[in-house]
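Here is the structure we will look at, set down as structure tokens.
Throughout, read-outs are computed from the coordinates displayed, never taken from laboratory work. Just so you know, these numbers come straight off a predicted model, no measurement behind them. Note that each Cβ is placed from the backbone with ideal geometry, even for glycine, and that neighbours are counted across all protein chains shown.
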Amino acid sequence: MNVTITVNGEERVVDVAGHESLLNVLRNDLDLPGTKDACEQGECGSCTVIFDGESVCSCLVMAADADGSTVTTVEGLSVDTELHPVQEAMLAEGAVQCGFCTPGFVVSGSHLLETNPHPTEPEIREALSGNICRCTGYGAILRAFETVTGEGS
Amino acid sequence: MTTRIAPGVKGGIGTSVLRPDGEPKVTGNFAYASDLSSEGMLWSATLRSPHAHARLLKIDIGPAVAMDGVRAVLTQDDVPGEPLFGQEEQDQPVLCDGVARYWGEPVAVVAAEDEETARRAAAAIVVEWEPLAPFVDPDKAAEEGSTFRELKVRRGDETATGSVVVEGFYETATQDQAPLGPEAGFAIPDGEGGLDLYVTSQWIHVDHRQIIACLDMEPDQIRCHPAGIGGAFGSREDISLHIHVAMLSLATGRPVKMVYDRSESFVGHVKRHPSRMWYRHEADEDGKLVKVTARLILDGGAYAHTSRAVIANAAFFAVGPYNCDNVVVDAVAVKTNNPPAGAMRGFGAVQTCFGSEMQMDRLAEALDMDPLELRRRNALAAGDPLATSGQIIAGSLPTLAVIDTLEAMPLPDDTIEDDPRLLPGGTGLTTPVSSVVRGVGYAVNVKNLAFSEAFDDFSEARAVMTTAGVEIHTAAMEVGQGLVTVCQQIARTILGTDQVAVVWDDTSQIGSAGSTSASRQTQMTGGAVHAASVGLRDKILESFGGDELREDGVYLHDELVATIDQVCVGGPVGHHVQFRHPETFQPDENGQGDVHAGFVVSAHRAVVDVDPELGLVRVVQVDTVQDVGKALNPQAIVGQLEGGILQGVGLAVMEQLVVDEGVIRNPTFTDYLIPTFVDAPAVNTRVIEEGDHFGPFGAKGIGESPTISATPAVVAAIRAATGRDLTRVPVLPEDIIGI
């Protein structure tokens, strides 16, 4: 069936199978591999996108249900060569190692700052607890967000 | 050799310069192996054994072949070359060879026009199995001699006795590396019968050797390329889907993509060996170790992989960073029908560090001595013999300094905040502040650096001066740890320019860099980059009679005598090296000898809050002091320490694969728990810089050390909080409650 999705500001029409996830469609049909596939169970957050204003795991959204929706992926957060402040901070604080979780953190983090511009440390930890990072131990990611929110050094 | 950084160089050693792959990673533009695709590409899938042990009586691929869109269905009969592969010992069939020896063993592979068809076709293959009783008891395997290696260490006087004796039995569970990036491979036929292969790997040259043998091809027909990798931690040191995807591409003449989903990833790579360890420590009244006796059983599962080297590490680091003149260790890696085990961060030293550090705490208690004081009295130093092998420690080993520095670090104030997010159990709100007790625990570890036991361990690198800057060529795998940055920093420092790019060569373009494992790449590939850069610099300086190389050219007495354009007038100038660490040797029949190239030490202090009634734990803080030799990139070091510690914390309190009669019961991120942001403690780090005897600028590898003693430090803290004598990791609520 055809569904229409506004992805990163651009209206896209795509033929999806009934069982397909939004994640699959983004990666395989819309050529947006920045959104990562790491568990397909909504546990790791690597596939996080902004879906009609909400931060969601795109592996848990049926593509057919995305008809008429607006989606922002990691590719939509930097404008030309200008990085989003979250991207800038994660880079500067060494919050990127293998980087597989990074797009998910960038998207979740940008949503956190939109909904709560000055989160406390426990609020940052809680808001990003749906994103698993296996490399950093989260320390550098925390410092990155504290920098963005002006809480850090 | 100079360590002076030329004027104008900003990104040399000692700086926390940004990693070059950081920007593509934050923008989503970095190409991981699982992101690769091309026109005309086929998808693929794997049929796996539903039994841990079974005879394959009959396989009918007909229903899969008959499906629309299926292009190839291959079984073991289709393997053109050697039927078996393996890094150390070739004992594993490419696909099931008549007997399935572990749950999830690959049986057949399928290529099809789309992902769904490939999966459905794999499921349509009809297999008739005769289930056999799985052999899963490691003790029985040890008794019956079903082993990959038995190693005996005998040092000093076996009859020696100490007046204070403690004994214990300890176990560690199966831990999974669980890198976020799944196993992925992409094979592209070259039109001449060969192919280019992009697979998530830690060592493309050792993959290449196994792949060409099984495919019966000449070395230059298959080119293994570095691919974008989402973490590794040991899981990619052995072959997974490499040969399968290559066979499908050769059979169809089409590009083929293979990606494991998470559940398949859990069965598709080797694990950390589960262990069973019995220890007896004997000391004198002053706490000096007199004798350590240990029996160690590590379960290697169905195939050898790196079990021979893992059991050696377990045995040689069985006493930890302590002096002891009399040691008796019997170590065995057993062969069973459990999931195959192999490399994971810490590689055998994790298991015995848990056992031996628990013993040191018991000994301290028996002596009524401060646990750090006991460790201090026995601390191993440079020039001392390693307790097990007797090897005199060359290079640095600041065991006392890490212990003293750790003790001097501030503890958190003992206020327990009434915020459910910061209490044991989290926002489940089940723990009231009043029932929380706090505990503090310490642990120390030592581990070898790079490959041991006479392995010819080397790394190749080529430094090339061009008019656009320096290129560093290597086949060393960047798995996320930041090797790419360190290589740049070393080259910049020596060659006097910030314009350094690391170029990842494939197996046809450069020789092996060795494995990204054993904490070895900073020293080994870093050492190769250092040597290549020094050779290139000296060659250029000699050609132009200069005394210094800077970004714009060759200088003599601060005067420019040749520009880079002049240096490169005949084309790029290169220097190629093969770097080796000091020679190591096989242990003798008593496990004695110069087995290792170098050593690294670190110590951890954990602070935990526990609800003893509910058995819930929150790891509040972990402090660490790490021996680094020389800090090449301070920010990257902190990243390794924090990340490594959290994997150790995971093993201490939550991570375990539940394996029942050989079957993994929790192969998902829903059921295999990994620490999240709210589980992660605050981490404070200090480093000790005492240069090592090999490697660039005295630097040591630190990838594994932080994981090793984080685990026993957390368990010691839980014991301190609860009084429970804990002997198994992960520590579960029932262990604390005492059911």
- At q = 0.23 Å⁻¹, what is the base-10 log of I(q)/I(0) for the range A:2-75 according to the Debye formula with one equal point scatterer per Cα and no solvent? Please give it to two decimals. -0.99
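How much length would be gained if the chain were fully extended between B:Ala381 and B:Thr670, taking 0.36 nm per residue of separation minus their Cα-Cα distance, in nm to one decimal?
Length gained, B:Ala381 through B:Thr670: 99.6 nm.
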- Item | Packing-based order for B:499-505, B:629-635, using average beta carbon neighbours within 10 Å, highest first | B:629-635, B:499-505
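R0 = 45 Å: FRET efficiency of A:Thr4 with B:Ser508, Cβ-based, nearest 0.05? Intermediate results must be reported in sequence, preceding the final value.
Details: r = 47 Å, r/R0 = 1.04.
Working from the Cβ atoms, E equals 0.45.
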- B:Thr415 versus B:Leu18: modelled label distance in nm, points set 7 Å from Cα along the beta carbon direction: 3.8 nm
- Item | Global form of the range B:67-209, assessed from the alpha-carbon gyration tensor, a/c cut-off 1.5 | prolate
- Mind checking the mean number of beta-carbon atoms from other chains within 10 Å of the Cβ atoms in A:44-50? 2
- For the range A:85-148, radius of gyration divided by Kirkwood radius, i.e. Rg to Rh on alpha-carbons: 0.90
- What is the fewest-to-most order of B:Ser16, A:Ser46 by other Cβ atoms lying within 10 Å of their Cβ? B:Ser16, A:Ser46
- Task: Would you please report the Å³ per residue occupied by the convex hull of the alpha carbon atoms in the range B:1-156?
- Result: 288 Å³
- Averaged over peptide A:113-123, how many Cβ atoms belonging to another chain are found within 10 Å of each residue's Cβ? 1
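When a/c reaches 1.5 or more, the comparison of a/b and b/c decides; with that in mind, is chain B rounded, prolate or oblate per its Cα gyration tensor?
Judged from the Cα gyration tensor, chain B comes out oblate (a/c at least 1.5, b/c at or above a/b).
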- Task: Assign one of three labels to the range B:371-488, namely rounded, prolate or oblate, based on the Cα gyration tensor with a ≥ b ≥ c the square roots of its eigenvalues; rounded applies when a/c is under 1.5, prolate when it is not and a/b is larger than b/c, and oblate otherwise.
- Result: oblate
- Message: Using the basic label-point model (7 angstrom from Cα toward the beta carbon), what is the B:Glu734 to B:Glu192 distance in nanometres?
- Response: 6.2 nm
- Item | Projected-area mean, chain A, by convex hull of Cα positions, square nanometres | 8.5 nm²
- Note on the structure: Along the range B:117-133, Karplus-curve 3J(HN,Hα) (6.51, -1.76, 1.60; θ = phi - 60°) to the nearest Hz, with x for Gly and Pro, reads 4, 4, 5, 5, 5, 4, 6, 7, 5, 9, 10, 9, 10, 10, x, 10, 5
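Please give the length that would be gained between B:Val433 and B:Thr161 if that part of the chain were fully extended, namely 0.36 nm times their separation in residues minus their C-alpha to C-alpha distance (nm, one decimal).
That pair, B:Val433 and B:Thr161, stretches by 93.2 nm at full extension.
Holding the Cα-Cα limit at 28 Å, pick out from B:Lys288/B:Lys335; B:Lys10/B:Lys700; B:Lys152/B:Lys288; A:Lys36/B:Lys700; B:Lys257/B:Lys447; B:Lys25/B:Lys257 the pairs that are longer than that.
Distance filter (> 28 Å) returns B:Lys288/B:Lys335; A:Lys36/B:Lys700; B:Lys257/B:Lys447.
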- Projected convex hull area of the protein assembly as shown, Cα atoms, direction-averaged, in nm², equals 36.8 nm²
- Item | Stretchable slack from B:Asp68 to B:Leu400, in nm (0.36 nm times residue separation minus alpha-carbon distance) | 112.7 nm
- Item | For residues of A:85-92, the mean tally of beta carbons on other chains within 10 Å | 3
- Query: For the pair B:Asp565 and B:Lys288, how long in nm is the line joining their label points, each one 7 Å along Cα→Cβ?
  - Reply: 7.2 nm
- Query: What whole number of Å gives the distance from the Cα centroid of the range B:9-63 to the Cα centroid of the range B:448-503?
  - Reply: 23 Å
- What number comes out for the charge environment of B:Glu365, summing +1 per Lys or Arg and -1 per Asp or Glu over other residues with Cβ under 11 Å away? -2
